[in-house]
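See structure below.
The values are calculated or read from the model by the stated rules, or taken from the named source; none is laboratory data. Computed from a predicted structure; not experimentally measured. All Cβ positions, glycine included, derive from the backbone under ideal geometry; neighbour counts span all protein chains shown.
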Amino acid sequence: MTPIREAVILMAGEGSRLRQGYGGQARLRGDDNTLLKPFVPVLGRPLICYTVDLLLHARIKRANFVVGYQSNRMIAAVQELIPAELESSFIENREWQKQNGVSLLAAARHVTSPFLLAMGDHLFDNAMVDLLISSSDLGLLNIAVDRKLNSICDLDDAMKVQTRGNRIVAIGKNLRDYDAIDTGLFVCSLEIFDYFERAKSRSGRNDCSLADGVRLMAGNDKVRAIDIGDGWWQDVDTPSMLRHAERKMSAGYELNPG
């Protein structure tokens, strides 16, 4: 199988739910003290450091970071953390207040081969990315899904999916019938950009979410679910999710075991 050597990391949003709940306790890089979400400390390390570790483990050669909110501060801060062996670029989404599908589309002209897509505010263990990459069909959209529904920190907020075998047939936060959760880690074919452009144009608002684009691809049988099994991950979108992640990690859930 052709190895995955490119990645897109979505981190354009404001992170308001985490910022407001965090109470301004984090003093981060920049000209002011507003919280930059990727730098919230997780067991003493900036959240984005775990993403960089994951990319290095997966042998990603080039990472494209999609930024938006306070982009100049964000770029300057992240650049300090990127090791020499990881080529990086920063793509500014000037429409960062729109949904995350627009952030993905900002990367369309910057990737040249099937790529790893990750949410910059999620934590993933190495086993997940290994399984996803080794199991993916590079002609499709492959989504790492978690079927351990009882282990989800905030099930109401989670992106739910319905599957038939390894096919994803429905996706949405408000799905009534679902059997897995979208973890925010994907292997994508370049065809994804065509579908997301269509989803954006169909919206009537020149906007689209990741779920909108995935839904359109699923309608053409272009989306596959990769079950993460015992793999561990956590969205870090609120203070309670952050505390949950730190408790799990302190209890022995290793993200990057040696």
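Go through (1) touching a residue at least 24 places away in the same chain (Cβ under 8 Å); (2) farther than 18 Å from LYS160 by Cα; (3) not hydrophobic (A, V, I, L, M, F, W, C) for LYS222 and report which single condition fails.
Checking LYS222 against (1) touching a residue at least 24 places away in the same chain (Cβ under 8 Å); (2) farther than 18 Å from LYS160 by Cα; (3) not hydrophobic (A, V, I, L, M, F, W, C), the one that fails is (2).
How about the stretch 155-165: which of its residues are in a strand (DSSP E or B) and surrounded by 13 or more Cβ atoms within 10 Å (Cβ to Cβ)? Outline the logic, then answer.
The first filter runs over the stretch 155-165 and keeps only residues in a strand (DSSP E or B), leaving 160-164.
Scanning the stretch 155-165 gives LYS160, VAL161, GLN162, THR163.
Give all pairs with beta carbons closer than 9 Å in which a residue from the stretch 151-169 that is closer than 12 Å to ALA218 by Cα and touching a residue at least 40 places away in the same chain (Cβ under 8 Å) meets a residue that is crowded, with 19+ Cβ neighbours inside 10 Å and among the hydroxyl-bearing types (Ser, Thr, Tyr); count only pairs at least 6 apart in sequence or on separate chains.
Correct list of pairs: VAL161/TYR178; THR163/TYR178; VAL169/THR163.
With respect to PHE115, determine if the residue is at pLDDT 95 or above, under 17 Å from the mean Cα position of the chain (by Cα), more than 22 Å from ALA180 (Cβ to Cβ) and buried (at least 21 other Cβ atoms within 10 Å of the Cβ). Quick ask: steps written out before the conclusion?
Numbers: at pLDDT 95 or above: yes; under 17 Å from the mean Cα position of the chain (by Cα): yes; more than 22 Å from ALA180 (Cβ to Cβ): yes; buried (at least 21 other Cβ atoms within 10 Å of the Cβ): yes.
The answer is yes for PHE115.
Where in the stretch 168-258 are the helices (runs of 4 or more DSSP H), entirely inside, with at least 1 residues that are under 20 Å from ASN142 (Cβ atoms), at pLDDT 95 or above and not hydrophobic (A, V, I, L, M, F, W, C)?
Those helices (runs of 4 or more DSSP H) span 192-202, 210-219.
Among the residues of the stretch 128-154, which ones are part of a helix (DSSP H, G or I), in contact with an Asp or Glu (Cβ under 9 Å, 6 or more places away or on another chain) and loosely packed, with under 14 Cβ neighbours inside 10 Å?
Hit for the stretch 128-154 is LEU149, nothing else.
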